[in-house]
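Visitor: I have a structure here, written as structure tokens, and I will follow up with some questions on it.
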Amino acid sequence: MENADVFGSSTWHDFLERMRQPSAADFVKAIKSFIVSFLNNPPDPERDSAAVQEFLSNMEAAFRTHSLWAGCLEEELESAGEGLEKYVMTKLFNRVFASVPDDVIVDQQLHEKMALIQQFIQPDNLDIKPTFQNETSWLLAQKELQKINMYKAPKDKLVCILNCCKVINNLLHNASVASNENTPGADEFLPVLIYVTIKRSGLLPFRATKARAETLTKSTERPRKPEANPPQLHSNLLYIQRYRRQSRLVAETAYFFTNMLSAESFILNIDANSISMDETEYEKNMESARSVLSGLSADSENLSVEPKQEALNTKKHQDRPIKPQISLGSSEMKFRNREETPGKDQRPLHEVPSMTDLENKGASMLLKEDQASRIFQDFPYLFSQAGDLTVNDVEQLLNNYKQLVFKYVCLSKGLGVANPSPPLSVSQSQSQHQTENVKESEDSSAVSLLGVENSEYKIPQDESVESQSEGNDEISHS
């Protein structure tokens, strides 16, 4: 069983302070020597994992016989081992995480599969009982899992997975008690974990990741530190497997982590049969999802402009009338600022419809669809009343609002609206302002009801900053 205090910042700082003691000079020298030697070798995951595991084992054995830990309890020795693992792996992270092309390629494949499947998968496709369907708990579980890329230490990453699993486990337990059903097992737990994992992927364009994989394949370049919110679930799981101290990956921790590995394997191999769907319907849904994601990727590319060329065009034609136009492609609309008189190589141009026209057209199309309600199933708050919401919903609603505003402003600008105004009434604005000022203590109490606040796997809020900071964690002696 994991010790909650292991994740406390006091334990981490205690390790650093012990390493700064004069009597720890030999330990410091051995640690730094290992790190330097390790970084001088090319990536080899199997060899690297064995080297780290052996070094951690030898050092922990040395701790037990050293005067620095004389008379210490077993928990303190465990904490020292955790501190050592965190220090070493934080220093080696950029060298070992997603260090070979194969890992990057599988990350890409997994992300693409999740991004496609999440467009149409429903809880029923995974045989999740209505009793266990709870959007609030699912969102909290997704939030915990999304934190995984904030940390460098294997255990900190593992905690994100464990917290996600604990939320799901508590949801299943509470739901079964409320409905007087038997205690749920792996057959009920794994489908929910799979669904939560798929839904966390996010609709991010693939092309940057794919280009990165191709670059690694063609060169010996070492992968850079992961950028903002990359999926990289496969690399995270491998990183934990390879560099988390094997003697501590046991009991309930091992159970939940094994389920996460099973979820990954299931997602990579999803087909029509595995999600209880007709083959024709599955292929149709996949093709539709590809079209949606291709459009998103193309739109993101079309938002970029070349400043130099733009400046030249502006200077050259500054006295000529310009109006926004669109050219219709096969699967997307490309917005451009065109001259009123098209060149001989340009396609026929059409005036941009107003936002009102686009809204009316979309509403008309929506009313004609037989299953229009399915479109709104991924928007859990759309039909909620004020009394249905909890403090825990605030952060998700605020994030959704910010994304909506960004998309709205971008669309308005693209359509030529000079100063887009928010479509909110005064009362709505006041209500939103009040919601944003809810006390953090109330948020914490709401989270505790879903099983994370009292979880033995909790990480302090400042731990993510510590994991990425290397300025204040040195153990050198003057």
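Visitor: Would you mind classifying region 83-203 by shape? Square roots of the alpha carbon gyration tensor eigenvalues, ordered a ≥ b ≥ c; an a/c under 1.5 is rounded, otherwise it is prolate if a/b is larger than b/c and oblate if not.
Guide: Working: a/c = 2.93, a/b = 1.58, b/c = 1.85.
Oblate.
Visitor: Whole-Å semi-axes of region 16-70's equivalent ellipsoid, largest first, each the root of 5 times a Cα gyration tensor eigenvalue?
Guide: On the way: eigenvalues 121, 35, 9 Å².
Here the semi-axes work out to 25, 13, 7 Å.
Visitor: Separate question: Given a cut-off of 29 Å, name the pairs among K32/K155; K361/K407; K284/K402 whose C-alpha atoms lie farther apart than that in the structure shown. Please list the in-between numbers first.
Guide: Details: K32/K155 21 Å; K361/K407 18 Å; K284/K402 32 Å.
From the list (K32/K155; K361/K407; K284/K402), the Cα-Cα distance tops 29 Å for K284/K402.
Visitor: While we're on this one: Could you list S57, S79 in order of exposure, starting from the residue whose Cβ has the fewest other Cβ atoms within 10 Å?
Guide: Working: S57 14, S79 23.
Listed from fewest to most nearby Cβ atoms, that is S57, S79.
Only the coordinates and a few stated rules stand behind these numbers; no lab work does. Since the structure is predicted, the reported quantities are computational estimates derived from the model, not experimental observations. Positions of Cβ are generated from backbone atoms using ideal geometry, with glycine treated the same way; all protein chains shown enter the neighbour counts.
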